There are 2 protein chains.
Amino acid sequence: MPRGRPRLFNPDKALDAALMLFWRHGYEGTSLAALAEAMDINMPSLYGAFGNKESLFRKALVRYIERPASYLSNALKTPDVRLAIRKMFQGAIDMVMEPGHPDGCLLVQGALASGPASEWVRRELSQRRAGAEAAVRRRLERAVDEADLPASTDPARLARYLITVLWGMSVQAAGGATREQLLDISNHALRALPPDHKVAKLSLHSA
Amino acid sequence: MPRGRPRLFNPDKALDAALMLFWRHGYEGTSLAALAEAMDINMPSLYGAFGNKESLFRKALVRYIERPASYLSNALKTPDVRLAIRKMFQGAIDMVMEPGHPDGCLLVQGALASGPASEWVRRELSQRRAGAEAAVRRRLERAVDEADLPASTDPARLARYLITVLWGMSVQAAGGATREQLLDISNHALRALPPDHKVAKLSLHSA
DNA sequence: TTATTTATGTAATGCTCGCTATAATATGTA
DNA sequence: TACATATTATAGCGAGCATTACATAAATAA
């Protein structure tokens, strides 16, 4: 039903290619020439379909969260908190270790620092990271409500710590950390969770 | 005693200004025009005194490690391991929170990702981060040798974890974390250290 | 058909990038 | 003084940047 000439390329595939490049080289390190080549389209088509560089990056960022980084929201849906957090780390490691994937998280690698012209990238990524931290915090709050974590737990502080380790793992991945090393780090972080006393409590009640 | 015309600027001050800019905006986000303006010199003077952009960055990086980031090597000199690690985190927080300082660590903010032309920056910073991790590891090894930490401690893995949290704190700082929040994170991380049993041991011996 | 609409291919826009040629200026040495 | 040396100031270099005219090609609507 579209009116004019149909496009010869697949916008989703093209966006995936763009995401890969932004992810690997960061916002400022990725040129439109390189993008057009990787997306296998020419520049007018790129601008027609995705707008300018900023618009393209925003679309790629949304796609990143929806697809390769969906492990986060998925993991947090797990009924058991401890398993949920474990899945979060496992998912992050799996994503980073996916063959052909850049080493690290786009929310961290995209731009921690930037030139004056692209400060909005820093802010945008910072907000997205804050969003991820808030999601973890809400999950911990739920766990406290459900008595899955002791009432003495401070969800905001614990979430901040766990997500800090996750960002640190992204930095380590950029330095070439192996899957085993990242797993070891996440196992260390998991000890920050209050130990599970449910079994003990249950046996106490049943006694 | 120099033969020709003496330079009108202070090279150390100029290098500090360059460091500040690289630190805040990253390698690719910092232009030579901006550098020359901040250093208050013109381009031929810049090239005469510091070489090209790569050379200038390398000099700024060395200076960074020698001066604002010297807290690391200083902290690790502390006789008590636990205090040494605590001082490491405290020093990092103090550095980041210094008024007018960029938010984060140059080894992290400088370039986690980069365009193909400046991949050497990624590698260089990655190596420096590895160097910092190795310094912590050696300190922990020493602590095990001195029975300051139990023999069951794995210095490499513990060092990797602690430094991962430090890099994560740098990411959090880039997102605007407060001193209190960073302190809370570091306090969490310190619990990864095996508890100090020396007092108990001593009282056992003295009993 | 003709007109309209949209995508494509080529090429060029103005701008900033890192870098340098040229000339003038200020010191020390002969 | 005259020369050699080094720093300064101005201005410009080619290359790459993001972005866009312009003309052509392929679809629908009349």
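The values are calculated or read from the model by the stated rules, or taken from the named source; none is laboratory data. What you see is a predicted model, and the numbers here were worked out from it, not measured in a lab. With ideal geometry, Cβ positions are generated from the backbone for all residues, glycine too; neighbour counts draw on all protein chains shown. In case anyone asks, the SASA skips ligands and DNA or RNA and just uses the protein heavy atoms, side chains included. Shrake-Rupley method; radii C 1.70, N 1.55, O 1.52, S 1.80 Å.
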Item to check | Test set (1) touching a helix residue (DSSP H, G or I) at 6+ places or on another chain (Cβ under 8 Å); (2) within 14 Å of chain B (Cβ to nearest Cβ) - A:Glu37 fails condition number | outcome: (1)
Checklist outcome for this item: Of the residues in segment A:10-50 that are open to solvent by 40 Å² or more (accessible area, probe 1.4 Å) and not in a helix (DSSP H, G or I), the one that is farthest from DNA strand C (Cβ to nearest atom) is A:Ser31
Item to check | Residues of segment A:164-184 that turn out to be touching a residue at least 24 places away in the same chain (Cβ under 8 Å) and either part of a helix (DSSP H, G or I) or among the acidic types (Asp, Glu) (or both), as a count | outcome: 11
Checklist entry - Within segment B:51-66, which residues are over 14 Å from B:Ala14 (Cβ atoms), in contact (Cβ under 8 Å) with a residue 40 or more places away in the chain and away from DNA strand C (no atom under 16 Å from the Cβ)? => result B:Tyr64, B:Ile65
Checklist outcome for this item: Checked segment B:94-115 for anything among the aliphatic types (A, V, I, L, M) and surrounded by fewer than 22 Cβ atoms within 10 Å (Cβ to Cβ); matches are B:Met95, B:Val96, B:Met97
Checklist outcome for this item: Note: among B:Phe9, B:Phe57, B:Phe50, just one is touching a Ser or Thr at 6+ places or on another chain (Cβ under 8 Å) and either within 14 Å of chain A (Cβ to nearest Cβ) or modelled with pLDDT of 95 or more (or both), namely B:Phe9
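For every residue, the table says whether it meets (1) more than 24 Å from A:Thr164 (Cα to Cα); (2) of a type outside the set (Asp, Glu); (3) more than 10 Å from DNA strand D (Cβ to nearest atom); (4) touching a strand residue (DSSP E or B) at 6+ places or on another chain (Cβ under 6 Å).
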| site | (1), (2), (3), (4) |
| --- | --- |
| A:Asn10 | yes, yes, yes, no |
| A:Asp16 | yes, no, yes, no |
| A:Ala34 | yes, yes, no, no |
| A:Tyr47 | yes, yes, no, no |
| A:Asn52 | yes, yes, no, no |
| A:Lys87 | no, yes, yes, no |
